[in-house]
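Below you'll find the structure, written out as structure tokens, and then a few comments.
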Amino acid sequence: MKLGSNKLSIACDVLVCGGRCAGLDAALALARNGAKIVLVERARICRRNYDHRWASRL
């Protein structure tokens, strides 16, 4: 990750826009198969009812 003036650069295999049901499920499935994922969501939290431990299931 590289931060500077108003730019952010992150290397990833797949950029998933939206953390609702389909976006979050897609990101999890891709990560389980070895892809480096960046998930972008405009809300502060994803809207699916995952608990705080969902990422440990990768």
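General observations
- Residues that are at pLDDT 90 or above and of a type outside the set (Asp, Glu) were ranked within the range 5-27; the one that is surrounded by the fewest Cβ atoms within 10 Å (Cβ to Cβ) is ALA11.
- Selection of first residues in the range 1-16 that are of a type in the set (Val, Ile, Thr) and of second residues that are at pLDDT below 65, restricted to Cβ pairs under 6 Å at least 6 apart or on distinct chains, gives the following pairs, ordered by first then second residue: ILE10/MET1.
The values are calculated or read from the model by the stated rules, or taken from the named source; none is laboratory data. This one's a predicted model, so the numbers in the text were calculated from it and none came from an experiment. Cβ: placed from backbone, ideal geometry, glycine included. Neighbour counts: every protein chain shown.
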